[in-house]
Structures are given as structure tokens and as C-alpha cells.
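Engineer: Got a structure here, written out as C-alpha cells. Questions coming.
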Amino acid sequence: MHLIVVGLNYRTAPVEVRERFALSDQELPLALQALKNTTGILEGVVVATCNRTEIYAVVDRPTLCGHFIRSFMEQWFKIPRIEFNPYLYMHEDNRAIEHLFRVACGLDSMVIGETQILGQVRDAFLLSQKLGVTGTLFNKLFKQAITVAKRAHSETSIGESAVSVSYAAVELGKRIFGRFDHKKIMILGAGKMSELTAKHLNANGAKEVLVVNRTVSRAEELAKKFDGVALSMDEAMNRLHEADIIISSTGANGFVLTRDKLEAALARRKQRPMFLIDIAVPRDIDPICASLSNVYLYDIDDLEGIVETNMENRRKEAVLIEKMIADEREAYLEWYKTLGVAPLIRGLQEKAASVHEQTMESLLRKLPDLDEREIKVIRKLTKSMMNQIVHDPILRIKELSAEKRGEAALGLFVELFALQDDVERIQAEMNAEESARAAALAAESRPAESRPAEKPSNASAILSQLAGAFR
């Protein structure tokens with residue numbers, strides 16, 4: 001079995017290409033079912049956002065399956081592969097695991113350390129799991145990806161600082177005022193930057209927001225989104241004194257706020273401080289206003305300096321997260337290596353437990369006068385001895401499972417301990433459990449008559465190969 005990811009993202013493909021590979025919430029379940037029915041695909045998850053479309057799969061033959069996934073993309077999106085091949089990337093096994101972990105942690109995002117992608121990865125996995133498109137390998141892998149991403153954000157400060165100009169403006173306001181719920185905020189301009197700023201203010205508790213624009217209808221449109229009040233530019237100039245914080249991004253050719261206007265506003269405020277953030281290019285606020293008492297003026301260069309400092313801090317935190325990712329990748333690979341010998345290990349443990357129980361029964365028949373305390377001590381001691389006896393063989397089984405020529409040794413191991421019947425029985429039980437889980441998940445998502453035939457899970461295939469080696 002092999003893990004593979006094929007995709008394109010904001011680094012490899014421009015938006016006019018990425019938008020052709022977009023999947024709506026209604027389309028995604030259908031695409032997953034089609035992926036599940038693709039030749040060579042045993043498990044699958046599709047992560048589709050505005051910045052990336054990635055297909056994760058467990059495959060039986062990686063070289064051919066790269067071709068099969070491209071064929072799926074060609075047929076589903078109705079785009080000739082010659083048009084999208086130059087934008088694709090493909091990672092296998094170790095690199096595929098590492099890529100998923102980096103994506104979930106936000107290290108592969110346009111904004112390093114953003115948290116939205118974690119929710120998107122989780123939702124993509126849960127949908128695939130619900131539809132029965134994942135199995136043993138991906139259930140473990142994606143849960144581990146979600147866990148490491150949560151650790152990344154709880155154990156480092158990668159997501160704590162502002163990395164956009166609009167968010168930096170809000171952060172700057174918080175540093176000075178602490179909170180916004182008792183401050184009146186005026187936003188000059190109703191463009192994209194103003195909307196982003198209003199969104200951040202709203203998320204940080206701003207209650208009174210005045211939205212100002214030369215076109216009042218546009219101001220009304222933006223104000224409605226955030227329970228604000230729309231004003232014309234003339235109205236705003238008459239109410240400047242009400243604003244504790246003014247954020248300006250109008251795109252005007254000249255200064256919107258001049259020294260005279262601010263002096264008049266300060267006089268009406270009885271010299272209470274005003275916090276001004278000018279994120280317009282060219283600037284909206286005359287820089288000479290910074291010389292006024294009780295006026296704190298910051299322009300876009302100040303904010304970009306804050307953003308760059310914060311980005312550098314995030315890059316430093318990313319180094320720590322890369323170490324977490326490397327450790328989690330190795331932990332997953334260690335688990336993966338032992339997956340195929342799970343029936344053998346379980347068989348050995350069950351045989352040891354059976355021998356222990358038979359020995360205890362024989363002992364109790366021969367020594368009927370033992371009291372409860374003595375029986376408990378003997379049972380604990382003999383169980384400990386049995387566990388120690390099988391400990392080293394289990395470690396060796398795990399080591400052999402990772403060796404290229406380990407199959408013959410494992411087969412001999414089965415013969416020596418007479419575990420053939422146990423391995424086959426346990427394998428059948430595990431296969432049945434896996435099939436039952438897949439069937440239950442599939443039943444939740446679609447009517448019985450529409451269900452396609454279940455594919456054998458990757459675990460089933462691995463265990464079948466192992467059992468074959470033992471015969």
C-alpha cells in the first residue's frame with residue numbers, strides 16, 4: 001500500500017486555474033464516490049478550498065495511480081490533462097504524510113499559521129469517513145494530522161500576531177484601548193480594505209461603528225453587514241469629534257482629514273485622545289496631524305512594519321512546528337510498519353494469555369487450600385512472567401515487519417509458535433470489523449439501493465498479503 005497526494009495550490013496555479021477545480025458542498029460527496037470507484041484507489045480524501053484542491057489517496061500501485069488520479073480529475077472537472085498537468089504536484093508516502101501535516105498546521109498556507117485550514121481539513125476527512133471512503137490508514141493519518149495541528153497552535157504562538165494590514169490596524173487599537181465595546185469607531189471608505197477592517201473590529205467586540213463613504217448606498221451596504229451606521233462624507237466631518245478611533249482607506253486623491261479638521265474635532269472632544277490609522281495609498285490623513293497633542297497617527301508603513309515583524313515571529317515558530325511534524329510522521333510510520341503483523345502479535349498475546357490461564361487452573365486444582373490473597377499474588381506474578389517472555393519476540397516481530405526480507409522469518413515464527421490458525425482467525429475478525437465499520441458509515445450517508453460495492457480496505461489487503469506469506 002502507498003499514500004499519495006496529487007493537487008494544485010496558490011503557489012503552483014493562478015486563480016483562473018484554481019477556480020476551474022473548485023468543488024461546491026453539493027458536488028463534493030459525488031466527487032468522493034467517483035474517486036472511491038476509481039481503479040487502484042483504496043481510500044480517499046479531497047481537500048478543496050479557494051487556495052488549493054488536493055486529492056489524498058491510499059493506492060496499490062503508486063506509478064499507475066498517479067495516472068488514475070489525473071484521469072479522475074480530467075473526467076470529473078472536464079479539463080484535458082494537458083491543460084492542468086503543469087500546475088500539479090504529487091507527493092508519495094513520507095512526503096505525502098509530511099505535506100498533509102504541514103497543510104493542517106497552516107505552514108503551507110498563504111498566511112503562515114492561519115487556522116481556517118485546520119477546520120477545512122477536518123471537515124474534508126469527516127465527510128470522507130462518513131461516506132465510507134476512508135479506512136484504517138486514513139482514519140489514523142487524518143486524526144493524527146488534526147492532533148498535531150492543534151498542538152502547533154496550543155504549544156506555539158504562531159497564530160497570535162497580526163499578519164494582514166487590516167488586522168494589524170485592529171491589533172494596534174487593542175494595544176492602546178484594550179477593548180472596543182465602549183469606543184466609537186469611524187471607518188472612512190467602504191472598499192475591500194475597509195470591509196476587512198470592519199470584520200476584524202466586529203469580531204473583537206466593536207459595538208458602535210460609523211461607516212463613511214462618498215456614495216452613501218455603499219456605506220449603507222457595508223454598515224448593514226456589521227450593525228453599523230452609514231454616513232455621508234459631509235455628515236462624518238461634522239461628527240469627527242464623536243470618534244475615538246478613525247480608520248481611513250478611501251482612495252481619494254487629496255487628504256480627507258487635515259490639521260484644521262482634527263483641531264476642531266479635538267476641541268469639541270475636550271482634548272480626549274484620538275487614534276488614527278491611515279491604510280490608504282495615497283494617504284488620506286495629512287501626516288502633520290501627528291504633531292497634534294492627543295492624536296496618535298499611524299500609516300500603512302507603520303502597519304507593514306508590524307506585519308513583517310509578526311511574520312518573522314511566525315517563521316521562527318514554524319521551525320518548532322516542523323520538528324513536531326517530523327516526530328508525528330515517524331510515529332505514524334512506526335504504526336504503519338506494524339499494521340500488517342497486528343494479527344500475529346495479537347495471536348501470540350492470546351496464546352500466552354491462554355497458556356497462563358490454563359496454568360493457573362491447573363495450579364488451583366493442585367493447591368486447593370490457597371486463599372484469595374495468595375491466588376492474587378501468584379496470578380499477578382505469573383502474568384508478569386508471561387508478559388516478559390513474549391515482550392522481546394513482539395519487538396522482534398515489529399522489527400522484521402520493517403525489513404525487506406522479513407517475510408520468511410515471520411513465516412518461520414508462525415510455524416514455531418503454531419499460530420497459523422490464530423492468525424487466520426484474527427485476520428478474518430479484523431476484516432469483518434473493518435467491513436462493518438465501512439458499511440455502517442456508508443448506510444448513514446445514502447440509501448441502501450444506491451450503495452456501490454465496498455472495496456476491500458487497505459488493512460484487509462495488507463493482512464491478506466501477510467497471511468499469504470505464512471502459508
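The values are calculated or read from the model by the stated rules, or taken from the named source; none is laboratory data. This structure is a prediction, so every number in the text was calculated from the model and none was measured. Note: ideal-geometry Cβ built from the backbone for every residue, glycine included; neighbour counts use all protein chains shown.
Engineer: Being out of contact with any Cys (no Cβ under 6 Å at 6 or more places or on another chain) and either closer than 30 Å to GLU155 by Cβ or crowded, with 16+ Cβ neighbours inside 10 Å (or both): is that true of ASP301 here?
Structural biologist: On the way: out of contact with any Cys (no Cβ under 6 Å at 6 or more places or on another chain): yes; either closer than 30 Å to GLU155 by Cβ or crowded, with 16+ Cβ neighbours inside 10 Å (or both): no.
Taking the combined requirement at face value, the residue does not satisfy it.
Engineer: Counting just the residues of region 2-19 that are without any contact (Cβ under 8 Å) to a residue 60 or more places away in the chain and within 10 Å of THR53 (Cα to Cα), which one comes out surrounded by the most Cβ atoms within 10 Å (Cβ to Cβ)?
Structural biologist: ARG18
Engineer: Just one of (1) farther than 25 Å from GLU308 by Cα; (2) in the same structural domain as SER217 (by TED's automatic domain parsing) trips up LEU172, so point out which.
Structural biologist: Result: LEU172 fails condition (1) only.
Engineer: For ARG259, are the conditions met, namely being surrounded by 14 or more Cβ atoms within 10 Å (Cβ to Cβ) and not aliphatic (A, V, I, L, M)?
Structural biologist: On the way: surrounded by 14 or more Cβ atoms within 10 Å (Cβ to Cβ): yes; not aliphatic (A, V, I, L, M): yes.
Yes; evaluated as a whole, the condition is true for this residue.
Engineer: If you don't mind, there's one more thing I want to ask. Among the numbered conditions (1) of a type in the set (Lys, Arg); (2) at pLDDT 85 or above; (3) assigned to a loop (DSSP other than H, G, I, E, B), tell me where ARG218 comes up short.
Structural biologist: (3)
Engineer: Looking only at region 197-209, filter to residues that are closer than 26 Å to THR258 by Cβ and touching a helix residue (DSSP H, G or I) at 6+ places or on another chain (Cβ under 7 Å); which one of those is surrounded by the most Cβ atoms within 10 Å (Cβ to Cβ)?
Structural biologist: Among residues in region 197-209 that are closer than 26 Å to THR258 by Cβ and touching a helix residue (DSSP H, G or I) at 6+ places or on another chain (Cβ under 7 Å), the one surrounded by the most Cβ atoms within 10 Å (Cβ to Cβ) is THR197.
Engineer: I've got another one for you. Just checking, does region 327-344 include any residue being at pLDDT 90 or above, assigned to a helix (DSSP H, G or I) and within 30 Å of GLY191 (Cβ to Cβ)?
Structural biologist: So far as region 327-344 goes, no, none of its residues is at pLDDT 90 or above, assigned to a helix (DSSP H, G or I) and within 30 Å of GLY191 (Cβ to Cβ).
Engineer: Looking only at region 131-138, decide whether some residue is touching a Lys or Arg at 6+ places or on another chain (Cβ under 6 Å) and hydrophobic (A, V, I, L, M, F, W, C).
Structural biologist: If we filter region 131-138 for residues that are touching a Lys or Arg at 6+ places or on another chain (Cβ under 6 Å), which is where we start, we get 133.
Now drop any that are not hydrophobic (A, V, I, L, M, F, W, C), which leaves 133.
Yes, region 131-138 contains a residue that is touching a Lys or Arg at 6+ places or on another chain (Cβ under 6 Å) and hydrophobic (A, V, I, L, M, F, W, C).
Engineer: How many residues does region 169-223 hold that are basic (Lys, Arg) and in contact with an Asp or Glu (Cβ under 9 Å, 6 or more places away or on another chain)?
Structural biologist: Taking region 169-223 and keeping what is basic (Lys, Arg), we get 174-175, 179, 183-184, 192, 199, 207, 214, 218.
Filter once more, so that each one left must be in contact with an Asp or Glu (Cβ under 9 Å, 6 or more places away or on another chain): 183-184, 207.
Total satisfying the criteria: 3.
Engineer: Determine which single condition GLU361 fails, assuming it passes every other condition in (1) more than 30 Å from SER154 (Cα to Cα); (2) modelled with pLDDT under 90.
Structural biologist: (2)
Engineer: Follow-up question, since we're still on this one. Can you pull out the helices (runs of 4 or more DSSP H) entirely within region 93-204 that have at least 2 residues that are modelled with pLDDT under 90? Even if it seems obvious, please write down each step before you answer.
Structural biologist: On the way: elements: 93-105, 116-130, 136-155, 165-177, 192-203.
It comes to 136-155, 165-177, 192-203.
Engineer: Right, here's the next one. Restricted to region 360-384, and to residues that are among the β-branched types (Val, Ile, Thr) and surrounded by 13 or more Cβ atoms within 10 Å (Cβ to Cβ), which residue is farthest from ASP422 (Cα to Cα)? Please lay out each step first, then the result.
Structural biologist: Taking region 360-384 as the starting set, the residues that turn out to be among the β-branched types (Val, Ile, Thr) are 375, 377-378, 382.
The next check asks that each one be surrounded by 13 or more Cβ atoms within 10 Å (Cβ to Cβ); those that pass are 375, 378, 382.
Numbers: ILE375: 29, ILE378: 28, THR382: 23 Å.
Once the filter is applied, the top-ranked residue is ILE375.
Engineer: Among the residues of region 277-287, which ones are under 17 Å from ASN253 (Cα atoms) and not acidic (Asp, Glu)?
Structural biologist: Just the residues of region 277-287 that are under 17 Å from ASN253 (Cα atoms), to begin with: 278-287.
Residues satisfying the conditions are ILE279, ALA280, VAL281, PRO282, ARG283, ILE285, PRO287.
Engineer: Now for a different question. Run down ASN387, ASN310 and say which single residue is more than 30 Å from SER154 (Cα to Cα), surrounded by 14 or more Cβ atoms within 10 Å (Cβ to Cβ) and under 46 Å from the mean Cα position of the chain (by Cα). Talk me through it step by step, then tell me what you get.
Structural biologist: Values: ASN310 fails: more than 30 Å from SER154 (Cα to Cα).
Just a single option satisfies the conditions, and that option is ASN387.
Engineer: Could I ask something else about it? Restricting attention to region 39-49, does a residue exist that is within 22 Å of the chain's Cα centre (by Cα) and in a loop (DSSP other than H, G, I, E, B)?
Structural biologist: yes
Engineer: Let me ask another. Provide a single number: the residues in region 39-61 that are modelled with pLDDT under 95 and of a type in the set (Phe, Trp, Tyr).
Structural biologist: Looking only at that region, the number is 0.
Engineer: Do we have LYS261 as closer than 22 Å to GLU114 by Cβ and not in a strand (DSSP E or B) here?
Structural biologist: On the way: closer than 22 Å to GLU114 by Cβ: no; not in a strand (DSSP E or B): yes.
When the stated conditions are applied, LYS261 does not pass them.
Engineer: Name the pairs whose Cβ atoms lie under 8 Å apart, with the first residue in region 363-392 and closer than 28 Å to ILE345 by Cα, the second hydroxyl-bearing (Ser, Thr, Tyr), and 6 or more positions between them or separate chains?
Structural biologist: Note: pairs meeting the criteria are THR382/THR359.
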